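**Student:** One structure, pasted below without further comment.
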Amino acid sequence: MATFMSLAEAVSSNVFDGDTAAFEGFTHLIPHAAAHEAIRQGRRDLTLVRMTPDIVYDQMIGMGLAKKLIFSYAGNPGVGLLRRLRDAVENGWPHPVEIEEHSHAAMANAYEAGAAGLPCAVFRGYKGTSLAKVNPNIRSIICPFTGEELAAVPSIRPDVTFIHAQKANRRGDVLVEGIIGIQKEAVLAARRAVVTVEEVVEDFAGVHPNACVLPHWTVKAIAVVPGGAHPSYAHGYYARDNRSYLEWDAIAADREAFMAWMKQNVLDKDADVFAGRVAALRAAR
Amino acid sequence: MATFMSLAEAVSSNVFDGDTAAFEGFTHLIPHAAAHEAIRQGRRDLTLVRMTPDIVYDQMIGMGLAKKLIFSYAGNPGVGLLRRLRDAVENGWPHPVEIEEHSHAAMANAYEAGAAGLPCAVFRGYKGTSLAKVNPNIRSIICPFTGEELAAVPSIRPDVTFIHAQKANRRGDVLVEGIIGIQKEAVLAARRAVVTVEEVVEDFAGVHPNACVLPHWTVKAIAVVPGGAHPSYAHGYYARDNRSYLEWDAIAADREAFMAWMKQNVLDKDADVFAGRVAALRAAR
Amino acid sequence: MTGFTSDEMMTIAAARALKNDDVCFVGIGAPSAACNVARLTHAPDITLIYESGTIGTAPDVLPLSIGDGELCETAVTTVSVPEMFRYWLQGGRISVGFLGAAQLDRFGNINTTVIGDYHTPKVRLPGGGGAPEIASSCGEIFITMKQSKRGLVDKIDFFTSFGHGEGGHARERLGLRTKGPTLLITDLAIWKPDPETKEFTVTALHPGVTREAVQETCGWPVRFAPGLVETPAPTALELDTLRALRARTAAAHGGQEVA
Amino acid sequence: MTGFTSDEMMTIAAARALKNDDVCFVGIGAPSAACNVARLTHAPDITLIYESGTIGTAPDVLPLSIGDGELCETAVTTVSVPEMFRYWLQGGRISVGFLGAAQLDRFGNINTTVIGDYHTPKVRLPGGGGAPEIASSCGEIFITMKQSKRGLVDKIDFFTSFGHGEGGHARERLGLRTKGPTLLITDLAIWKPDPETKEFTVTALHPGVTREAVQETCGWPVRFAPGLVETPAPTALELDTLRALRARTAAAHGGQEVA
């Protein structure tokens, strides 16, 4: 049953050292505020899961939260590489990070299988790829009707999933609209789900019957954090802050510049700063 | 690419003797008009697929179109048994019908696998059931990670799927709203898809971004048949004609009464009658 | 019995078994009435799910089918049928599945497929629909049906849905991690499985019902629990709620009652 | 070259390869520009799909990421990511997949994962994302990249996406039923696989480009087709369309060009 609480409380009561944690969002609705709160609370030894780890995962990895990363595309979308992730993988700074790498198709199927309560996902993929040789979690099954060999990967079942969504209603049902990505599956696959939202409304009157709604009893905690997806965007609320993504490349290129930026923009701040960060971007929607 | 045409033309050019054909709808949006047209055109030796064959499948089976039925629940919803189907299965009238029976979970997964281009569907089911013993198309695979035995069934890939939907736009994109059932999967799993719609609109302005829309290039033919789901219903257009379902029980109980009803209401009619059949039911929406 | 019918008692007893925080997979007929009476009395926050894809419905009248329009109109959300069976049922999110039966045995195994041999049936019934996986995936299963020797039988002709098999630890041996049938509510009594043998045992008789009446309408030798009690009669609120629901339903469905 | 850059020529040559009835899975960067130039010139009805779930998009500016808001706002429909990869890509509905590469070999095999050893990489690249299954599930694959000895290499360090393997019938032997790479468009030339060996062979040189320039920026001995032709220079319409698109994009993205 969803309980409304502060983001600090939602993070401290739902993610613990050593957890497998997904902060999901496919370009849209990335839960930056929640990830920053986890950084402030100093979580350690997390297995971080995400199809598209981008700059907020670069920040978590650079700050030493991650023991392992499960992913399918690690980049700064439209810009380039993730320099903190590279530093961890290539140089072990701030400490080595174990990597379990998949394709998007595999990750999407693995979340789907997690939401569906299955131990594994079955799909057609990985043919001729090197990934199938270096990742022991890529296996196969034989179709019992045609004899075709199909790929199999373990389902993803995070201890906790964080997502950002547009709205909750008073009862705690959550509405996600636009590019819905993998969020529904990531929530339903997890033992616990925490949602930050732009706003709380009385009810979803007039919403489309087939809109993506997560009923209140599928969510543990909801925190209201306007702007909580910044510099990602929230369809209907504010635009993507492309400049922040472009600027990240220089910040992340240098360990000291990175640490200084994190202190100034994350460690010394709280979730309330996000509303101000998107003020100018609201007009663009 | 979707082409707009008459229902008679859509049926004659897309379903052929011996085809595997699905006329799908889960209580809502059942394509009665299309099935009646197939009856009028005298199709034979069809393998009819549907999760919930109800009175329109009773009609097709009673009229001798079906060689085989693949299904998971064959009943007159809320009323009782299908008497024409029983007569075919128990007494071979008008001829014997082969049966391949599954559970809803299996059929839903099999359509999903068909839409996903897979040879089989994998799910957790059929544990301890007799169906697994009498249906050779219920098999199993072993999860390569946990060793758990999971059920497997062949994917469903109809030669042709018929559905009824609320709207098409001028380009031929199709909008399905409300209880969307298995329609999207049934269309995407099929070689050819034919859609009857309540109306054609200029565009879907204002439709929710995540509504169930089938792009025009996934559909072969669209026929405008207002009321074409009667006595089933079309969310936003007209209500379910419960009385017709209740009355069917007596009609189907007797071979002669059945044949007389089919002559009067199907063979001697055409698709244009459906608009009149729902006139009084439009108010109820 | 005076003041209420055995059918009303059955439905109300079934409604009482549901809790406010239950997530309930609802079949048509008696289960649907019971679930909605629960929602309209002691369990206003119960989540009702119909296999057509409607989650969190609150219909004002009982649906004739599992996919009536009102289920969608009052739902929190309506999902596709594959999603319903994969994420919601198989995903282990349903606490209670409510099933009826054409044939039921003492271990809660259900047949709704055929009477007689499968390949040459005496009566071809509708089949399992969602029931086989409802029986295995829901946290627990409640069964509701009217008693008759044709319905409560010594051996069922076909295992449409697996209950407790031949009893004891049959579910664990099959790898099932859910409880299976934990409650049988008939028009005459309330039955619960024996903790060891898993045989359904009468734990309460509805007002005015005798042990003999239960035995006469059951195809196996009935066991009665030591602490056998009487089911509390329907309260005025329960009865009024059920009757008003049925009256609204009859009016909406053109004067005909739901089967 | 006068009047247009080699980058513009590459994008326009790629745009020309797309047909009006294609369903195209679009990557970011050059593929996105090429697909949208095609849509804005000779292929107005082309269906563009981005892996974020947007089907039938018609963005006015190029997205910076594969999930920008405008892709959704202009789409026919936006589906979930699992649906995108299951029903639309794996379902065999995409006629053309457009990929870029960090490293490419002569048989169209692509590396975007690591330079050096996988476990102790010299450079850790972003990884495959959708590419491994785009390469196997789309009807055919177009590849576009700028030529360099670092990019067009004799042996790639990692098979992120399978092209034609070691050449010949390698795809059939793996059970792949799609065509794989059928076209490579670089800033200097157009390449097509030899029908037998499947080695990429230059079939057209862009205006002003010499055979030597192609060889100098390629890590394997280049084969030129017997009927080698010159790529037609961009038309005024093509060039105007591309430049206007890039200008709108730059303005929308705060003065910065898409990478």
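**Student:** Among C:184, C:205, which is the only one that is under 23 Å from residue C:17 (Cα atoms), in contact (Cβ under 8 Å) with a residue 60 or more places away in the chain and away from chain B (no Cβ under 14 Å)?
**Tutor:** From the options C:184, C:205, the qualifying one is C:184.
**Student:** Quick one: in the stretch A:152-170, of everything that is without any contact (Cβ under 8 Å) to a residue 60 or more places away in the chain and buried (at least 24 other Cβ atoms within 10 Å of the Cβ), which residue is farthest from residue A:215 (Cα to Cα)?
**Tutor:** So, considering only residues that are without any contact (Cβ under 8 Å) to a residue 60 or more places away in the chain and buried (at least 24 other Cβ atoms within 10 Å of the Cβ), the one farthest from residue A:215 (Cα to Cα) is A:152.
**Student:** Let me ask something additional. Scan B:283, B:239 and give me the residue that is more than 20 Å from the chain's Cα centre (by Cα) and small (Gly, Ala, Ser).
**Tutor:** Numbers: B:239 fails: more than 20 Å from the chain's Cα centre (by Cα).
Unique residue meeting the criteria: B:283.
**Student:** Among the candidates A:277, A:282, single out the residue that is among the basic types (Lys, Arg) and in contact with a Pro (Cβ under 9 Å, 6 or more places away or on another chain).
**Tutor:** After ruling out the rest, the residue left standing is A:277.
**Student:** State all residues of the stretch C:30-54 that are assigned to a strand (DSSP E or B) and without any contact (Cβ under 8 Å) to a residue 24 or more places away in the chain; if no residue qualifies, say none.
**Tutor:** Answer for the stretch C:30-54, where residues must be assigned to a strand (DSSP E or B) and without any contact (Cβ under 8 Å) to a residue 24 or more places away in the chain: there is none.
**Student:** Here's another thing I want to ask about it. Looking at the stretch B:120-158 only, could you name the residues that are part of a loop (DSSP other than H, G, I, E, B) and under 29 Å from residue B:21 (Cβ atoms)?
**Tutor:** B:125, B:126, B:129, B:130, B:135, B:136, B:137, B:138, B:155, B:156, B:157, B:158
**Student:** Something else about it: Any chance the stretch D:168-176 includes a residue that's without any contact (Cβ under 8 Å) to a residue 60 or more places away in the chain and closer than 20 Å to residue D:223 by Cα?
**Tutor:** Checking the stretch D:168-176: at least one residue is without any contact (Cβ under 8 Å) to a residue 60 or more places away in the chain and closer than 20 Å to residue D:223 by Cα.
**Student:** Additional query: Going by what's in this entry, would residue D:133 be described as surrounded by 24 or more Cβ atoms within 10 Å (Cβ to Cβ) and of a type in the set (Asp, Glu)?
**Tutor:** Yes.
**Student:** From the list A:223, A:193, which one is in contact (Cβ under 8 Å) with a residue 60 or more places away in the chain, touching a Leu at 6+ places or on another chain (Cβ under 8 Å) and not in a helix (DSSP H, G or I)?
**Tutor:** The conditions single out A:223.
**Student:** Here is a further query. Go over the candidates D:38, D:30, D:58 one by one and state the one that is in contact with a helix residue (DSSP H, G or I) (Cβ under 8 Å, 6 or more places away or on another chain) and closer than 30 Å to residue A:176 by Cα.
**Tutor:** Exactly one residue qualifies, and that residue is D:58.
**Student:** Pick from the stretch B:207-220 the residues that are surrounded by fewer than 24 Cβ atoms within 10 Å (Cβ to Cβ) and more than 10 Å from chain A (Cβ to nearest Cβ): which of them is nearest to the chain's Cα centre (by Cα)?
**Tutor:** Among residues in the stretch B:207-220 that are surrounded by fewer than 24 Cβ atoms within 10 Å (Cβ to Cβ) and more than 10 Å from chain A (Cβ to nearest Cβ), the one nearest to the chain's Cα centre (by Cα) is B:220.
**Student:** Now for a separate question. Take the stretch C:145-183 and flag every residue that is out of contact with any helix residue (DSSP H, G or I) (no Cβ under 9 Å at 6 or more places or on another chain) and assigned to a helix (DSSP H, G or I). Walk me through how you get there before you give the answer.
**Tutor:** We begin by selecting, within the stretch C:145-183, every residue out of contact with any helix residue (DSSP H, G or I) (no Cβ under 9 Å at 6 or more places or on another chain); these are C:148, C:150-157, C:166-170, C:172-173, C:175, C:182.
Across the stretch C:145-183, the qualifying residues are C:170, C:172, C:173.
**Student:** Just one of the numbered conditions (1) without any contact (Cβ under 8 Å) to a residue 24 or more places away in the chain; (2) aliphatic (A, V, I, L, M); (3) buried (at least 19 other Cβ atoms within 10 Å of the Cβ) is not true of residue B:142; which one?
**Tutor:** Single failed check for residue B:142: (3).
**Student:** Would it be correct to say that residue D:188 is surrounded by 13 or more Cβ atoms within 10 Å (Cβ to Cβ) and either over 19 Å from residue D:101 (Cα atoms) or more than 20 Å from the chain's Cα centre (by Cα) (or both)?
**Tutor:** It is false that residue D:188 is surrounded by 13 or more Cβ atoms within 10 Å (Cβ to Cβ) and either over 19 Å from residue D:101 (Cα atoms) or more than 20 Å from the chain's Cα centre (by Cα) (or both).
**Student:** Next question, about the same structure. Within the stretch D:82-100, restricting attention to residues that are hydrophobic (A, V, I, L, M, F, W, C) and in contact (Cβ under 8 Å) with a residue 60 or more places away in the chain, which residue is nearest to the other protein chains (Cβ to nearest Cβ)?
**Tutor:** That would be D:89.
**Student:** Related question: State all residues of the stretch D:1-29 that are acidic (Asp, Glu), assigned to a helix (DSSP H, G or I) and buried (at least 18 other Cβ atoms within 10 Å of the Cβ); if no residue qualifies, say none.
**Tutor:** D:8 - this is the single residue of the stretch D:1-29 that is acidic (Asp, Glu), assigned to a helix (DSSP H, G or I) and buried (at least 18 other Cβ atoms within 10 Å of the Cβ).
**Student:** Count, please, the residues in the stretch D:58-81 that happen to be within 7 Å of chain A (Cβ to nearest Cβ), among the aliphatic types (A, V, I, L, M) and within 19 Å of the chain's Cα centre (by Cα).
**Tutor:** 2
**Student:** Any idea how many residues of the stretch D:136-152 are buried (at least 24 other Cβ atoms within 10 Å of the Cβ) and under 25 Å from residue A:109 (Cβ atoms)?
**Tutor:** Matching residues across the stretch D:136-152 total 4.
**Student:** While we're here: Mind listing just one residue for me: the one in the stretch A:237-255 that is assigned to a loop (DSSP other than H, G, I, E, B) and modelled with pLDDT of 95 or more and, of those, farthest from the other protein chains (Cβ to nearest Cβ)?
**Tutor:** Applying the first criterion (assigned to a loop (DSSP other than H, G, I, E, B)) to the stretch A:237-255 yields A:237, A:239-241, A:253-254.
Okay, now just the ones that are also modelled with pLDDT of 95 or more, so A:237, A:253-254.
Numbers: A:237: 10, A:253: 14, A:254: 17 Å.
Among those residues, the one meeting the criterion is A:254.
**Student:** Let me ask you something else. Filtering the stretch A:159-179 down to residues that are within 12 Å of chain D (Cβ to nearest Cβ) and not in a strand (DSSP E or B), which residue is nearest to residue D:86 (Cα to Cα)?
**Tutor:** A:179
**Student:** Looking at (1) of a type in the set (Val, Ile, Thr); (2) within 10 Å of chain A (Cβ to nearest Cβ); (3) in contact with a helix residue (DSSP H, G or I) (Cβ under 7 Å, 6 or more places away or on another chain), which is the one condition that is false for residue B:182?
**Tutor:** Unmet condition: (2).
**Student:** Can you pull out every residue in the stretch B:117-145 that is away from chain C (no Cβ under 13 Å) and more than 25 Å from residue B:68 (Cβ to Cβ)?
**Tutor:** Of everything in the stretch B:117-145, those that are away from chain C (no Cβ under 13 Å) and more than 25 Å from residue B:68 (Cβ to Cβ) turn out to be B:141, B:144, B:145.
**Student:** Continuing with this model, one more query. Evaluate the stretch C:214-235: report whether one residue or more is more than 19 Å from residue C:13 (Cα to Cα) and in a strand (DSSP E or B).
**Tutor:** The answer is yes; a qualifying residue exists.
**Student:** Taking the criterion of being closer than 30 Å to residue C:175 by Cα, in contact with an Asp or Glu (Cβ under 8 Å, 6 or more places away or on another chain) and either acidic (Asp, Glu) or more than 7 Å from chain D (Cβ to nearest Cβ) (or both), would at least one residue in the stretch A:56-66 satisfy it? Reasoning before the result, please.
**Tutor:** Step one: filter the stretch A:56-66 for residues closer than 30 Å to residue C:175 by Cα, giving none.
No - not one qualifying residue is present in the stretch A:56-66.
**Student:** Somewhere in the stretch B:186-195, is a residue within 14 Å of chain A (Cβ to nearest Cβ) and not β-branched (Val, Ile, Thr)?
**Tutor:** no
**Student:** Same structure, new question: So which residues in the stretch B:90-110 are touching a Pro at 6+ places or on another chain (Cβ under 7 Å) and more than 7 Å from chain C (Cβ to nearest Cβ)?
**Tutor:** Result: B:110, single match.
**Student:** Among the residues of the stretch C:1-18, write down those that are at pLDDT below 95 and either over 11 Å from residue C:234 (Cβ atoms) or touching a strand residue (DSSP E or B) at 6+ places or on another chain (Cβ under 7 Å) (or both).
**Tutor:** Kept after step one, since they are at pLDDT below 95, are these residues of the stretch C:1-18: C:1-3.
Of everything in the stretch C:1-18, just one residue is at pLDDT below 95 and either over 11 Å from residue C:234 (Cβ atoms) or touching a strand residue (DSSP E or B) at 6+ places or on another chain (Cβ under 7 Å) (or both), namely C:2.
**Student:** Would you say residue C:141 is in a strand (DSSP E or B) and in contact with a Gly (Cβ under 6 Å, 6 or more places away or on another chain)?
**Tutor:** Criteria met by residue C:141.
**Student:** Go through (1) within 10 Å of another protein chain (Cβ to nearest Cβ); (2) in contact with a strand residue (DSSP E or B) (Cβ under 7 Å, 6 or more places away or on another chain); (3) under 14 Å from residue D:200 (Cβ atoms); (4) not aromatic (Phe, Trp, Tyr) and name the single condition residue D:165 misses.
**Tutor:** Only one criterion in (1) within 10 Å of another protein chain (Cβ to nearest Cβ); (2) in contact with a strand residue (DSSP E or B) (Cβ under 7 Å, 6 or more places away or on another chain); (3) under 14 Å from residue D:200 (Cβ atoms); (4) not aromatic (Phe, Trp, Tyr) is unmet by residue D:165, namely (2).
The values are calculated or read from the model by the stated rules, or taken from the named source; none is laboratory data. These numbers come from a predicted model, not from an experiment. Ideal geometry is used to build each Cβ from the backbone, glycine not excepted, and the neighbour counts take in all protein chains shown.
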